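Following: one structure in structure tokens, then a few remarks.
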Amino acid sequence: MAYVYIPVHNSQEEVRVALDQLPRDATDILDILKAEQAPLDLWLTIAREYFKQGKVDQFRQILEEGSSPEIDEYYADVRYERIAILNALGAYYSYLGKIETKQREKEEHFILATQYYNKASRIDMHEPSTWVGKGQLLLAKGEVEQAFAAFKIVLDGDWDNVPALLGQACVEFNRGRYLDSLELYKRALRVHPECPAAVRLGIGLCRYKLGQLEKARQAFQRVLQLDSENIEALVALAVMDMHANEAFGIRKGIEKMHRAFEIYPYSAMALNYLANHFFFTGQHFLVEQLTETALAVTNHGPTKSHSYYNLARSYHSKGDYEKAGLYYMASVKEINKPHEFVFPYYGLGQVQLKLGDLRSSLSNFEKVLEVYPDNCETLKVLGHIYVQLGQYEKGQEFMRKAIKVDPRDAQAFLDLGELLISSDPTAALDAFKTAHSLLKKGGQEVPVDMLNNIGVIHFERGEFELAEQSLKEAVGEGVWISFIEGKIKPKAIDAAESVHLYRDVRIFTELEEDNVPLELPWNKVTALFNLARLLEQIHKTEPASLLYRLIVYKYPDYVDAYLRLAAIAKAQNNIQLSIELVNDALKVNNKCVNALSMLGDLELKNDDWVKAKETFRAAEATDDKDSYSTLSLGNWNYFAAMRNERKYPKLEATHLEKAKELYTKVLVQHNSNLYGANGAGVVLAEKGQFDISRDIFTQVQEAASGSIFIQMPDVWINLAHVYFAQGNFSLAVKMYQNCLRKFYYNTDSHIHLYLARTHYEAEQWQECKKTLLRAIHLSPSNYVLRFDAGVTMQKYSTSILQKEKAKRTADEVRSAVAELKNAIQIFSQLSAAANLHFHGFDEKKIATHLEYCKHLLDAARIHCEDAQREEEQIRQRQELARQVALAEDARRKAEEQRKRQLEKRKLDDELKRVEQQEEHFKRVKEQWKRNGPKRRERSDIDEDGGYNEKRRRGGKRRKASKSRYEVEETGNDLVDDQEYLEDEDANVNYREFAANETQEQDGVTEENAQDLLAAAGLEDSDVDEPSSTAKRRPNWSESDDDVGEQQPESSLVRENPAERHESDGELKENAERPYGDDDMDEEE
């Protein structure tokens, strides 16, 4: 038992006070302390003892009295004890502010603590304990940097101050500088090795944060060696064991947690971790008990946040979303920032998303994303939320981010495909296929829903084989495969039972008796239904009906299967069976809008107008926003208006207005409803507003062209009707033909009748007749088509016979006669029919047409004879014109042939002349080269003797002038320069060729001139034939010497034109006198 001795004032006696027996009322102790003027350290000791015993009020009372102004005045010279009391009060209020959850009270506590520390500083501003207290206060307030400055002031004065070292270590830990914090803890331990075990706990936490798990474990174990009941160390070791993710480690961790719980059942940290463990084991009752206890024993914000989080998770997993949301919210309020503890934000976002609070959920998930920007789950959830908010592009952006973060996340691709399936089916299909391949590579099971979606997308795109492959993969193996492949077929039934074929399920009971498994898992029902729908689309009606009946047999509440069976029966014109199947669906759900609407359509087709109207009204009353029932009621009013058109015009207007109102209502609810727009267009067309209705029909047609499931031939027909009403027959014909080809494969007799009517109005009689004949082929029992064909033939014949004679041919008249005969035959057959009134014919009208056609036939004979005579005359004129044309053509061809022959002859002559010139040129060139040395010798003789043979011959010709002699001498002088001529062979050759060509041209010119004179009758009879020029050519070829002598003379003439003009007379004289044999002999 510990005692405190209070000295009696002015006496040697002391008052002994037992510390474990302190009075409950601290006033008695205070009176003693004041009366005896006890030292202030005794005041602090007694107050500390009260605090240890949990008597906080007495503790505060003693310290507040010890720091009163009276005490300060009395103990003015005592500084340390006064500072210690003030610091104790400051530390107490700092602790209260730290654990307080209410912000207002927290601030009040911090204000009081600040006041006490400031008062202590006024006594001694350099007291280290005061600065340490201030640092702790600032650390509790979260002002880490200012706390760092306060501790630094102490450490600058005393580096070994242990409280300052520990405070600074806490600051560095909170700043994330775990290595610096570790060094400070280690220094404090070196300064004071006897530190409490909690100091080593700080070392272990720093090691843990640095990833030095083994050293951290050693530090925690050392704490337990020093203090075997240290709860924090036990919990830390337990957490490390459980994070090992091994069964043995988890078991050891739970054992340590149990031990911590046994040592101190009110350790909030141990309670939270135990609750976390029991949550994963599914023991929610223990989770709730432990977390509620933890909340009761702690005021620490982060700890309470974990407790609320555990409690919220428990309720969340049980489906109690409202309570879970409340506790998640409480957990969020206990923390200041998401970075401290982000999990409650994620849970709160999930609960709010489940409850439909999309905006709040979005806000919480965005806070999670701030902490973990690459978290795929958060990115995917945000993508879904944005899609639900209508921000599709942003939602897809987040999904693509998730895929980019983890390209192997099959779930991310699956979610992206689900987002894109309504807006971009192609991209959705790619995403689904990627997810499919990733799951296959990973050896995981492919979800049935994904395979079903792949099949549906292929189905919508018209890729039926791929759709069937995907849907078969989705449903897997089963008896349905045997149905599809035809291995199991229903037994043959008689005609009476075939009426109720689609309600018969005996085949399945027989299969069960034969022990054939008929198990159909619930998650494959939708895929099997879609597979049956695909088979129905590709006209495999029998296996499709078997699959629908199997679904009905295994799941009798599946309404859609009944309705598809009813649709098949309706397509086979079995209206009664279809109505029975729809009634079966209504027994399952009498408020099924689809079933009621289908029943109304069947009753309308069965001509039960009153029941149909009641059924449509019941469907509309069941779901006021159902477009189909409203459209059906609008159609009912439109058909009623058409039925009462002639009998009751007022009712027609009323029904049309009601139909317009209903169609408008549908468009107001769903502005993209094609059927509502089509109905509105029909009503406007009936009212004569063709331009508006045409625009509406055009827009509906364009919108309906993009989907395989929207088959709207009606809008094509309506648009063609509008073109017809506006007189635009060509466009109407194209529209009818396109509709026939696109939707009915040219097999609908009604549209053929519309098309024939258009040709009739356009006066295209032959096209009208052909169209009607095709319609008769499709519907041979329709006598109206036969009557229309007869009228068309009659009209065609009349139009031909009414033409002017000049504008018609005999073939046309004969064709008109043939058509009249056919029309008479058709009208005769119709008049002979016994049931004319049944077909709606008037016997008198048919007789009138018959008589008119016979009259036309009689009149057509005269027209036919006239046309034949006129045709014969035209044929004769054409024959005469043909013969004249043939004769002219023969003459033209003969003239062209003669011209071609003349041109060919001229060309041949020219070619021969060129060849001769080339041969002559070659001979002259060879002779020139051989006779060159002889000419040089002659030149020498001329110089010595004074004259040569040429001069002798010139001497005989005394008429030669001096200029001729000069030319010859000049030529001889040029011949002497033989070496120069041999070096310039090319120039000589060119001159020789030019001289020869000139002579040839002169000769040709002379011949042409003679021909012209002869043609004019002016030919000169004195001119000898052949000319001297013609006789000189063979003489040149006879003597080599003459050629050698004459060639330079010719060259001189070309180079000296002036001399040539002077000797023209002599040349002409020589040209007129031919060379004789005597002259040649004399030269030789």
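The values are calculated or read from the model by the stated rules, or taken from the named source; none is laboratory data. Only a predicted model underlies this, so the values are computations on that prediction, with no experimental measurement involved. Using ideal geometry, Cβ is built from the backbone for each residue, glycine included, and neighbour counts are taken over all protein chains shown. Just the protein is used for accessible areas: all its heavy atoms, side chains included, with ligands, DNA and RNA removed. Shrake-Rupley method; radii C 1.70, N 1.55, O 1.52, S 1.80 Å.
Any chance you could count how many residues in the stretch 298-335 are open to solvent by 60 Å² or more (accessible area, probe 1.4 Å) and over 45 Å from the mean Cα position of the chain (by Cα)?
3
Hey, can you tell me all the residues within the stretch 219-233 that are surrounded by 15 or more Cβ atoms within 10 Å (Cβ to Cβ) and either touching a strand residue (DSSP E or B) at 6+ places or on another chain (Cβ under 8 Å) or not in a helix (DSSP H, G or I) (or both)?
ASP227, ASN230, listed by residue number.
Give, as residue ranges, the helices (runs of 4 or more DSSP H) completely inside the stretch 706-791 that count at least 2 residues that are among the hydroxyl-bearing types (Ser, Thr, Tyr).
Of the helices (runs of 4 or more DSSP H) lying wholly inside the stretch 706-791, those with at least 2 residues that are among the hydroxyl-bearing types (Ser, Thr, Tyr) span 729-739, 749-761.
Does GLN829 count as modelled with pLDDT of 85 or more, touching a His at 6+ places or on another chain (Cβ under 9 Å) and either under 20 Å from ALA756 (Cβ atoms) or open to solvent by less than 20 Å² (accessible area, probe 1.4 Å) (or both)?
Judged against the criteria, GLN829 is not a match.
Identify the single condition in (1) touching a residue at least 24 places away in the same chain (Cβ under 8 Å); (2) over 29 Å from LEU42 (Cβ atoms); (3) surrounded by 19 or more Cβ atoms within 10 Å (Cβ to Cβ) that PHE151 does not satisfy, given that it satisfies every other one.
For PHE151, the failing item is (1).
Can you find a residue in the stretch 872-881 that is in a helix (DSSP H, G or I) and either closer than 30 Å to PHE787 by Cα or in contact (Cβ under 8 Å) with a residue 12 or more places away in the chain (or both)?
No: zero hits.
In the stretch 768-804, what residues are charged (D, E, K, R) and within 21 Å of TYR736 (Cβ to Cβ)?
Taking the stretch 768-804 and keeping what is charged (D, E, K, R), we get 769-770, 774, 786, 788, 795, 803-804.
Correct list: LYS769, LYS770, ARG774, ARG786, ASP788, LYS795.
Considering only the stretch 438-465, how many residues are of a type outside the set (Val, Ile, Thr) and in contact with a Phe, Trp or Tyr (Cβ under 9 Å, 6 or more places away or on another chain)?
The number of residues fulfilling the criteria is 7.
Does TYR675 count as under 17 Å from LYS625 (Cβ atoms), modelled with pLDDT of 85 or more, open to solvent by 60 Å² or more (accessible area, probe 1.4 Å) and in a helix (DSSP H, G or I)?
Values: under 17 Å from LYS625 (Cβ atoms): yes; modelled with pLDDT of 85 or more: yes; open to solvent by 60 Å² or more (accessible area, probe 1.4 Å): yes; in a helix (DSSP H, G or I): yes.
Considered against the rule, which asks whether it is under 17 Å from LYS625 (Cβ atoms), modelled with pLDDT of 85 or more, open to solvent by 60 Å² or more (accessible area, probe 1.4 Å) and in a helix (DSSP H, G or I), TYR675 comes out as yes.
Can you tell me which residues in the stretch 874-911 are farther than 30 Å from LYS807 by Cβ and of a type in the set (A, V, I, L, M)?
Correct list: ALA887, ALA890, ALA894, LEU902, LEU907, LEU911.
Conditions (1) surrounded by fewer than 21 Cβ atoms within 10 Å (Cβ to Cβ); (2) touching a residue at least 40 places away in the same chain (Cβ under 8 Å); (3) under 57 Å from the mean Cα position of the chain (by Cα); (4) farther than 23 Å from MET240 by Cβ, marked per residue:
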{"position": "ASP124", "(1), (2), (3), (4)": "yes, yes, no, yes"}
{"position": "GLN136", "(1), (2), (3), (4)": "no, yes, no, yes"}
{"position": "PRO163", "(1), (2), (3), (4)": "yes, no, no, yes"}
{"position": "LEU182", "(1), (2), (3), (4)": "no, no, yes, no"}
{"position": "ILE203", "(1), (2), (3), (4)": "no, no, no, no"}
{"position": "CYS206", "(1), (2), (3), (4)": "no, no, yes, no"}
{"position": "GLY211", "(1), (2), (3), (4)": "yes, no, yes, no"}
{"position": "ARG217", "(1), (2), (3), (4)": "yes, no, yes, no"}
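Which helices (runs of 4 or more DSSP H) sit wholly inside the stretch 1-99 and have at least 3 residues that are at negative phi and open to solvent by less than 80 Å² (accessible area, probe 1.4 Å)?
Counting at least 3 such residues, we get 26-35, 40-52, 56-66, 80-99.
Assuming ARG549 fulfils every condition listed in (1) within 21 Å of LYS487 (Cβ to Cβ); (2) under 37 Å from the mean Cα position of the chain (by Cα) apart from one, which condition is it?
(2)
Take the stretch 457-479 and flag every residue that is modelled with pLDDT of 90 or more and open to solvent by less than 40 Å² (accessible area, probe 1.4 Å).
ILE457, HIS458, PHE459, ALA467, GLU468, SER470, LEU471, ALA474, VAL475, GLY476
So the check is Cβ under 8 Å with 6+ separation or different chains; which pairs have a first residue in the stretch 9-30 that's among the β-branched types (Val, Ile, Thr) and a second one that's open to solvent by 80 Å² or more (accessible area, probe 1.4 Å)?
Sorted first by the residue in the stretch 9-30, then by its partner, the pairs are VAL15/TYR5; VAL17/TYR3; VAL17/TYR5.
Looking at VAL813 and the list (1) at pLDDT 85 or above; (2) over 60 Å from the mean Cα position of the chain (by Cα); (3) crowded, with 19+ Cβ neighbours inside 10 Å, which single condition is not satisfied?
In the conditions (1) at pLDDT 85 or above; (2) over 60 Å from the mean Cα position of the chain (by Cα); (3) crowded, with 19+ Cβ neighbours inside 10 Å, VAL813 misses (1) alone.
Go through the stretch 773-798 residue by residue and tally those that are aromatic (Phe, Trp, Tyr) and either closer than 12 Å to ILE824 by Cα or surrounded by fewer than 18 Cβ atoms within 10 Å (Cβ to Cβ) (or both).
1
Determine which member of the set LEU902, LEU886, LEU880 is open to solvent by 80 Å² or more (accessible area, probe 1.4 Å) and either at pLDDT 90 or above or at positive phi (or both).
That would be LEU886, the only listed residue that is open to solvent by 80 Å² or more (accessible area, probe 1.4 Å) and either at pLDDT 90 or above or at positive phi (or both).
Do you know which of the residues in the stretch 165-197 that are basic (Lys, Arg) and not in a loop (DSSP other than H, G, I, E, B) is nearest to GLY211 (Cα to Cα)?
Keep residues of the stretch 165-197 that are basic (Lys, Arg), which gives 175, 177, 186-187, 190.
Okay, now just the ones that are also not in a loop (DSSP other than H, G, I, E, B), so 186-187, 190.
Working: LYS186: 18, ARG187: 21, ARG190: 23 Å.
Among those that are basic (Lys, Arg) and not in a loop (DSSP other than H, G, I, E, B), it is LYS186.
What are the residue pairs meeting all of these: first residue in the stretch 360-381, first residue open to solvent by less than 20 Å² (accessible area, probe 1.4 Å), second residue among the aliphatic types (A, V, I, L, M) and in a loop (DSSP other than H, G, I, E, B), Cβ atoms under 8 Å, and 6 or more apart or on different chains?
Every condition considered, the pairs that remain are LEU362/LEU389; VAL368/VAL342.
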